[in-house]
Each structure stands twice: as C-alpha cells, then as structure tokens.
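What follows is a single structure, written as structure tokens, with notes after it.
The values are calculated or read from the model by the stated rules, or taken from the named source; none is laboratory data. What you are looking at is a predicted structure, and each value in this text was computed from that prediction instead of being measured. Ideal geometry is used to build each Cβ from the backbone, glycine not excepted, and the neighbour counts take in all protein chains shown.
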Amino acid sequence: ATPTALMVGTGRGAQLGILIKGPEVLESTRRVDTVVLDKTGTVTTGSTALHAVHAAEGVEERELLRLAGAVEHASEHPVARAIAAGAEERVGALPAVEEFAGLPGRGVRGRVEGREVTVGRLMADGAAPELPPALERAREAAEGAGRTAVVVSWDGAPRGVLAVADTVRATSAEAVAELRRLGLRPVLLTGDNRRAAVSVARAVGIDESDVVAEVLPEDKVEAVRRLRAEGRTVAMVGDGVNDAAALAAADLGLAMGTGTDAAIEASDLTLVRGDLRVAADAIRLSRRTLATIK
Ligand code: ADP
Ligand code: MG
C-alpha cells in the first residue's frame, strides 16, 4: 500500500464521518474478523432516564434522590446523568458533594451532608450489596425488563434501588446485520447485569452465547485479549472511560464520537456521529482501499 493511496482512503473516511488517527490504521481494519461492542452508550444511546425509585423501609424517597443525585451530578456516566437529572426534576436543587470518586464500571461515591454515599452496582468497599427482600425484588424486576438497576448506599447500608431505562440506538440492529454480512462475528461486552444485556442483544441480533456481561473495566481488557489469543483479529467499539483499556488492547479500537475523551484518545478510529453502521463502512472502506492498491 502506497502512502498516497492510504491517504485517499483517509480522506474518504472523513467524508463518511470517520476520523482516522493515521493512514496505517486501514491495514489492521482490513483483517478484522470479530467486533466487540460495548452496550451502554454504544449499542444503546446511553441517554438514559430515571425510571423508578425504590426506597428502603424507613428511608424517604426525597432523601434518597437528594443524596444519590448529588453524587451522580459529579459524574459524566450515562447512568449518572439520568439519575442527577431525574433527582433534580423531582426534588429541586441538589446539595454539594465532597471527596467525589468515580469507580469505572462500578459506580460513584462521595460525601454529602456528612454522609458517605455510594451509587452503583457495588458498595464503597467493593462488595456486592446485600439487599433487603423488597429491594432485591425491585432490582430483579427492573433488570428482567432490560433496565439498569443501581443501589444507593450510605453509612454502610443499602438505602434504595434506582432503575434507569436506556434505548437501543435506531441504527444498531442494521449495523449488526451489516457487520455479519461482512463476515464478522459480533460480541456484546458490558459491565451491566446479564438480564439487561441479553435483552439488548436480542433487540439487535447478537447471539445470547456472545453476550459477556457484568465485567469490570479490567476484565473488558481480558475479554479482548482472550479473543485475540484464540487467533481472532478484534475490533472493539466503545464510548466510556471504562472501555479505554479494552479499546487500546484491541487490534482496532473504534470510539463513538458521542463518547468520552478517554475512549477517543485510546482508539484508532472515531465514529463522529456515533452511528454504529459507520463501523461497517470503515471496514468495507479499508478492504476496498487496500484491494485497489495491491
Ligand atoms: P457498559 O459496559 O455497559 O458501558 P459500565 O461498565 O460503564 O457499562 O458500567 C457498568 C455498570 O456499573 C452499570 O450498569 C452500573 O450498574 C454501574 N455504574 C457505572 N457507573 C455508574 C455511575 N456513575 N452511577 C451508577 N452506576 C454506575
Ligand atoms: Mg459504554
């Protein structure tokens, strides 16, 4: 491949809405046979909405929303945006948060009005929260309906469950079909719970056996490495801080242009409009460009 021909491919990419880090990227794009897709913000819009609020016995719903909303207000994760917006809408101005910490793939924590508040799928100490039966039922029902359920805890005990609803992007099912037509195997990789993941996989045509759920960011990297160790050439598409390491570990990293800077920096290609179908265009383009010049 001559540099000039590759530059032509790069220019065509820009027209399609693909930002290519360097012309040499087209070479690895051509060989890809497996596409790992992150769920939240990649296959789904990630513009989630707060759907239901379940307070533990003895906890006021208003208090639950104030404290959870305050901590989430400091995070840019789609789940966080939904909770902060939903809380603000229901209870008005949110209190300030101190000592905020984002825990990628797990949740957030911070101090609000003297309380140590955690929101996410794990507690501040990293343990899975043990829920009272009513909250456990609420969580299972939400997940069964394809929603993301997160636990709000403070001072060491679970205080409520918030269910967040996400929407599958209108273009995702078509994108998966196009990737298959190119001979690629789609895999869904997510930190979210398995029930929600399988419901999204079904909606876009990914096999249930190709759903990898409840993975922490470091395990996302492992999942990519395992596929590569099996001899596959792996493209990974993601949007989050939690995807950055996996994007860098893949043969080809593609970031959603709608995603975080961390994901974009770790990637070889950026899908400017956040349209997954353009991932298929990129692979088609690189195959064609390199075929023309060989
Ligand atoms: P995905 O892999 O689908 O993009 P993430 O790895 O970012 O999802 O998050 C995995 C899970 O961790 C979420 O489904 C949620 O339960 C929890 N989580 C992550 N960030 C937050 C947050 N800011 N607030 C609450 N929960 C969070
Ligand atoms: Mg994501």
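Annotation: of all residues in segment 183-200 being over 18 Å from Ala149 (Cα atoms) and in contact with a Leu (Cβ under 9 Å, 6 or more places away or on another chain), the one that is surrounded by the fewest Cβ atoms within 10 Å (Cβ to Cβ) is Arg185. Checked against the criterion of being within 21 Å of the chain's Cα centre (by Cα), polar (S, T, N, Q), within 12 Å of ligand 1 (Cβ to nearest atom) and crowded, with 19+ Cβ neighbours inside 10 Å, segment 146-163 contains one or more residues that satisfy it. Residues that are in a helix (DSSP H, G or I) and either among the aromatic types (Phe, Trp, Tyr) or touching a strand residue (DSSP E or B) at 6+ places or on another chain (Cβ under 6 Å) (or both) were ranked within segment 221-260; the one that is farthest from Gly46 (Cα to Cα) is Arg228. Gly191: within 16 Å of ligand 1 (Cβ to nearest atom) and on the phi > 0 side of the Ramachandran plot, yes or no? Considered against the rule, which asks whether it is within 16 Å of ligand 1 (Cβ to nearest atom) and on the phi > 0 side of the Ramachandran plot, Gly191 comes out as no. The residues on offer are Leu50, Leu135, Leu37, Leu131, and the sole one that is part of a loop (DSSP other than H, G, I, E, B) and either farther than 30 Å from Gly257 by Cβ or touching a residue at least 12 places away in the same chain (Cβ under 8 Å) (or both) is Leu131. If you go through segment 224-247 and pick out every residue that is touching a residue at least 40 places away in the same chain (Cβ under 8 Å) and away from ligand 2 (no atom under 16 Å from the Cβ), you end up with 4.
Within segment 102-128, the only residue that satisfies the criterion of being assigned to a loop (DSSP other than H, G, I, E, B), more than 16 Å from ligand 2 (Cβ to nearest atom) and touching a residue at least 40 places away in the same chain (Cβ under 8 Å) is Glu113.
The number of residues in segment 215-259 being of a type in the set (Ser, Thr, Tyr) and farther than 15 Å from Lys39 by Cβ comes to 1.
Answer yes or no: is there a residue in segment 240-255 that is assigned by TED's automatic domain parsing to the domain that holds Ser172, over 13 Å from the mean Cα position of the chain (by Cα) and among the polar types (S, T, N, Q). Looking through segment 240-255, none of the residues is assigned by TED's automatic domain parsing to the domain that holds Ser172, over 13 Å from the mean Cα position of the chain (by Cα) and among the polar types (S, T, N, Q).
Looking only at segment 206-217, residues that are within 15 Å of ligand 2 (Cβ to nearest atom) and of a type in the set (Asp, Glu) come to 1 in all. For segment 91-101: of the residues being outside any helix (DSSP H, G or I) and among the hydrophobic types (A, V, I, L, M, F, W, C), which is surrounded by the fewest Cβ atoms within 10 Å (Cβ to Cβ)? Taking the candidates together, the pick is Ala93. Selection of segment 65-90 for residues being modelled with pLDDT of 95 or more and either surrounded by fewer than 16 Cβ atoms within 10 Å (Cβ to Cβ) or not in a helix (DSSP H, G or I) (or both) yields His73, Ala74, Glu89, Arg90.
Out of segment 110-163, which residues are over 21 Å from Ser75 (Cα atoms) and among the basic types (Lys, Arg)? If the condition is that a residue be over 21 Å from Ser75 (Cα atoms) and among the basic types (Lys, Arg), then Arg137, Arg139 are the ones that fit.
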